[in-house]
Amino acid sequence: KARGKARILVATGGSQFEFLEALTQTEGIEWSRVEMFHFDEYINLSIDHPASFRKYLMDRLINKTGIREYHLLDGEADPETVCLEIGSLLAAAPVDVAFPGIGENGHLAFNDPPADFKTEKPYIVVKLDEACRRQQIGEGWFKSMAEVPERAISISIRQLLKAKALISVVPDARKADAVKRCLEGPVSPNAPASILRTHPDVTLYLDRQSSALLNPKTISSGAPA
């Protein structure tokens, strides 16, 4: 209300289905005042492919809400150019809230372990590790490893942490090991989502399955800093 608009960063993937459905049905949001960026996109994957994150967001957020100001990462264009162009737009003003998920290997966006915690570039080109690529098959986006792209454009860790607030929804038993490593292990590039513990305004939503391996003290007191 103070600034007349809001800037958001949106994650994709199977774990975000219910969250985005709830968000798009929430009353009172003036979506015409929202500017949207997203976390990542496969390189050399058509927007018509079922696994395209551009398609995902068009179907599950943009078309449902009527957002007019959005910036999609074009995985079919030159990736370095896309990183520079969308990155400059993203870095031009603060992001009010980001909605990161956590991958089965602990990744944030497509920052697989060991993640780059130091680069200041807003978006970077990354090589996807085997665990990340297998997750995409497990979620039903691809039929085989041969179909899963090996590279992607991803928001960087440091750029993500510049968002004023982070709201992370992480359901499902297949995320339990990653949740435990990221909340109870050391803050490390080998557990990329552990870096969320360094941000001053993070809300993490788990279900019984994703939190099943946590020490009860972690659940009762919040994740250790």
Have a look at 77, 92, 98 and point out the one that is under 18 Å from residue 44 (Cβ atoms) and among the hydrophobic types (A, V, I, L, M, F, W, C).
77
Pick from the stretch 1-44 the residues that are part of a loop (DSSP other than H, G, I, E, B) and hydroxyl-bearing (Ser, Thr, Tyr): which of them is nearest to residue 142 (Cα to Cα)?
12
Matching residues in the stretch 95-121 - criterion: being in contact with a strand residue (DSSP E or B) (Cβ under 7 Å, 6 or more places away or on another chain), closer than 30 Å to residue 4 by Cα and assigned to a loop (DSSP other than H, G, I, E, B)
95, 96, 100, 101, 109
Do we have any residue at all in the stretch 197-217 that's modelled with pLDDT of 95 or more and assigned to a helix (DSSP H, G or I)?
yes
Somewhere in the stretch 111-123, is a residue touching a helix residue (DSSP H, G or I) at 6+ places or on another chain (Cβ under 9 Å), in contact (Cβ under 8 Å) with a residue 12 or more places away in the chain, within 24 Å of residue 219 (Cα to Cα) and acidic (Asp, Glu)?
no
Residues of the stretch 133-142 classified as open to solvent by 20 Å² or more (accessible area, probe 1.4 Å) and assigned to a loop (DSSP other than H, G, I, E, B), total:
3
Please work out which residue is most open to solvent (accessible area, probe 1.4 Å), limiting yourself to the stretch 155-184 and to residues that are farther than 13 Å from residue 107 by Cα, in contact (Cβ under 8 Å) with a residue 60 or more places away in the chain and outside any loop (DSSP other than H, G, I, E, B).
174
Looking at the stretch 87-110 only, could you name the residues that are out of contact with any helix residue (DSSP H, G or I) (no Cβ under 9 Å at 6 or more places or on another chain) and either under 21 Å from residue 75 (Cβ atoms) or among the hydroxyl-bearing types (Ser, Thr, Tyr) (or both)?
88, 89
Looking at the stretch 45-89 only, could you name the residues that are under 18 Å from residue 29 (Cβ atoms), open to solvent by 70 Å² or more (accessible area, probe 1.4 Å), not aromatic (Phe, Trp, Tyr) and not in a helix (DSSP H, G or I)?
68, 69
Residue 152: surrounded by 13 or more Cβ atoms within 10 Å (Cβ to Cβ), assigned to a loop (DSSP other than H, G, I, E, B) and either touching a strand residue (DSSP E or B) at 6+ places or on another chain (Cβ under 8 Å) or modelled with pLDDT of 95 or more (or both), yes or no?
no
Given the criteria within 26 Å of residue 184 (Cβ to Cβ), at pLDDT below 95 and surrounded by fewer than 17 Cβ atoms within 10 Å (Cβ to Cβ), does residue 130 qualify?
yes
Pairs, first in contact (Cβ under 8 Å) with a residue 12 or more places away in the chain in the stretch 198-212, second among the hydroxyl-bearing types (Ser, Thr, Tyr) and surrounded by 15 or more Cβ atoms within 10 Å (Cβ to Cβ), C-beta under 8 Å, six or more apart
202/168; 203/168; 204/168; 205/168
The correct count of residues that are of a type in the set (D, E, K, R) and within 19 Å of the chain's Cα centre (by Cα) in the stretch 70-101 is 2
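The values are calculated or read from the model by the stated rules, or taken from the named source; none is laboratory data. All figures in this text were calculated on a predicted structure; none of them were measured in a lab. Here Cβ is always computed from backbone atoms with ideal geometry, including for glycine, and neighbour counts include all displayed protein chains. Quick note on the areas: whole protein, heavy atoms, side chains included, nothing else; ligands and nucleic acids left out. Shrake-Rupley method; radii C 1.70, N 1.55, O 1.52, S 1.80 Å.
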